[in-house]
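Peer 1: A single structure is presented below for examination.
The values are calculated or read from the model by the stated rules, or taken from the named source; none is laboratory data. These numbers were taken from a predicted model, which means no experiment stands behind them. Cβ atoms come from the backbone with ideal geometry, glycine included; neighbour counts cover every protein chain shown.
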Amino acid sequence: MGPRVVVIVGPTGAGKTRLSLDLAALVGGEIVSADSQQVYVGMDIGTGKATREERARIPHHLLDVLRPDEEMTAMRFVELADAAIADIAARGKHAIICGGTGLYVRALLLGLFDGPPASPAIREELVAIARRDGLDALHAELLRVDPTCGARIDPHDEKRIVRALEVFRLTGEPMSAHQARHDHRTLPRRYDVRLVGLSPDREVLYRAIDARVDAMLAAGLEAEVAALRAAGFVPPLRSQQAIGYAELHAVAEQGTGADRTRAIELVKRNSRHYARRQLSWYRADATVTWFPQPAAVDLADLERYLGGS
């Protein structure tokens, strides 16, 4: 078992970053991001990445490690996170894992589900369907053959949708059934871990999400998307299908004020839907201790768990 760590989970807009910063300051910790979008250079505002000032105050890991046209996988994330946690522990510091990507957190703590090898032919066929009929059609097919995975996977996440359908076609069995045998309730943890979850009241969370989107726009999210476009980073790159980016890329391509207004509404709506999926994912883990807001978390208790600074 690896070093003792605290993992902070919960939906977007719940206050995970704030809690991780407060805990790291108290215990002399360093933060390891478990967010699948914060790995990309140039995607700062729309991913809610810690500010330069926050990173100067508290060391952060796994931010800005890839170009937006590169791919991050759960396996690569685990390799990078393991190395970061080992380095933090070797320097006598405490690792605090913070992130909203449930697959990454589960892979880090329990290891990866060993599915069948990739089939280039099947993947090519599925991607061709997405290009011809739209990713919505592919996601609808996944909902039909594997409702559990279909409900869990972001409808914009082409790579995971394709993989889930690929596993079904190769094995004749839903990927959710394979994953159920890789049961998080019985598998040993790879780390000595305390899981802390933030779950605000739904209306409070939705107001926070809407305010967060407005703040991102005020901070220059549209200029950030314009810079990505100028550098050639556009859909269908997986990174540019992230919420907040996909909608604004569409506005840039269509170029009307009405589309912008609708896009902002969609960013808020899609963020709320994503938050529900995140909560559903984490709720399945009975070892998470839930709190309604960061201020409700007993930081002194976590300090004792980690052994102090």
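Peer 1: With over 17 Å from the mean Cα position of the chain (by Cα) and either buried (at least 17 other Cβ atoms within 10 Å of the Cβ) or of a type outside the set (Lys, Arg) (or both) as the only criterion, which of ALA14, ALA107, ALA89, ALA74 stands out?
Peer 2: ALA89
Peer 1: When you look at ARG260, is it without any contact (Cβ under 8 Å) to a residue 40 or more places away in the chain and surrounded by 13 or more Cβ atoms within 10 Å (Cβ to Cβ), yes or no?
Peer 2: So ARG260 fits the description; yes.
Peer 1: Just checking, does segment 46-58 include any residue being modelled with pLDDT of 95 or more, within 14 Å of the chain's Cα centre (by Cα) and farther than 23 Å from GLN293 by Cα?
Peer 2: no
Peer 1: Could I ask something else about it? Find all pairs meeting these conditions: Cβ atoms under 6 angstrom apart; at least six residues apart or on different chains; first residue within segment 127-149 and free of Cβ contacts under 8 Å to residues at least 12 places away in the same chain; second residue surrounded by fewer than 16 Cβ atoms within 10 Å (Cβ to Cβ) and not in a helix (DSSP H, G or I).
Peer 2: Taking only residues 6 or more apart or on different chains, not a single pair turns up.
Peer 1: Just the residues that are surrounded by fewer than 18 Cβ atoms within 10 Å (Cβ to Cβ) and over 17 Å from GLY99 (Cβ atoms), please, taken from segment 290-304.
Peer 2: Selection gives PRO292, GLN293, ALA295, ALA296, ASP298, LEU299, ALA300, ASP301, ARG304.
Peer 1: Can you tell me how many residues in segment 115-126 are exposed (fewer than 14 other Cβ atoms within 10 Å of the Cβ) and either in contact with a Ser or Thr (Cβ under 9 Å, 6 or more places away or on another chain) or touching a residue at least 60 places away in the same chain (Cβ under 8 Å) (or both)?
Peer 2: Going through segment 115-126 one residue at a time, the tally reaches 1.
Peer 1: Considering only residues that are surrounded by fewer than 18 Cβ atoms within 10 Å (Cβ to Cβ) and not hydroxyl-bearing (Ser, Thr, Tyr), look in segment 158-177 and name the one that is modelled with the highest pLDDT.
Peer 2: Checked segment 158-177; the qualifying residue modelled with the highest pLDDT is ARG169.
Peer 1: Can you tell me which of GLY42, GLY13 is out of contact with any Phe, Trp or Tyr (no Cβ under 8 Å at 6 or more places or on another chain), in the same structural domain as ARG76 (by TED's automatic domain parsing) and not hydrophobic (A, V, I, L, M, F, W, C)?
Peer 2: Numbers: GLY42 fails: out of contact with any Phe, Trp or Tyr (no Cβ under 8 Å at 6 or more places or on another chain).
One residue alone meets the criteria, GLY13.
Peer 1: Which one of these does GLN240 not meet: (1) in contact with a strand residue (DSSP E or B) (Cβ under 8 Å, 6 or more places away or on another chain); (2) more than 30 Å from ALA89 (Cα to Cα)?
Peer 2: Result: GLN240 passes all but (1).
Peer 1: Going by the structure shown, is GLY92 part of a loop (DSSP other than H, G, I, E, B), under 24 Å from ALA296 (Cβ atoms) and among the small types (Gly, Ala, Ser)?
Peer 2: The answer is no for GLY92.
Peer 1: List pairs: first in segment 286-309 and assigned by TED's automatic domain parsing to the domain that holds ASP22, second among the aromatic types (Phe, Trp, Tyr) and surrounded by 12 or more Cβ atoms within 10 Å (Cβ to Cβ), Cβ under 7 Å, 6+ apart or cross-chain?
Peer 2: VAL288/TYR282; VAL297/PHE291
Peer 1: Okay, next question. Suppose the filter is in contact (Cβ under 8 Å) with a residue 24 or more places away in the chain and crowded, with 20+ Cβ neighbours inside 10 Å; does ALA25 pass it? Steps first, answer last, please.
Peer 2: On the way: in contact (Cβ under 8 Å) with a residue 24 or more places away in the chain: yes; crowded, with 20+ Cβ neighbours inside 10 Å: no.
So ALA25 fails the test.
Peer 1: Further, regarding this structure: Suppose we filter segment 150-159 for residues that are in contact (Cβ under 8 Å) with a residue 40 or more places away in the chain and part of a helix (DSSP H, G or I); how many remain?
Peer 2: 4
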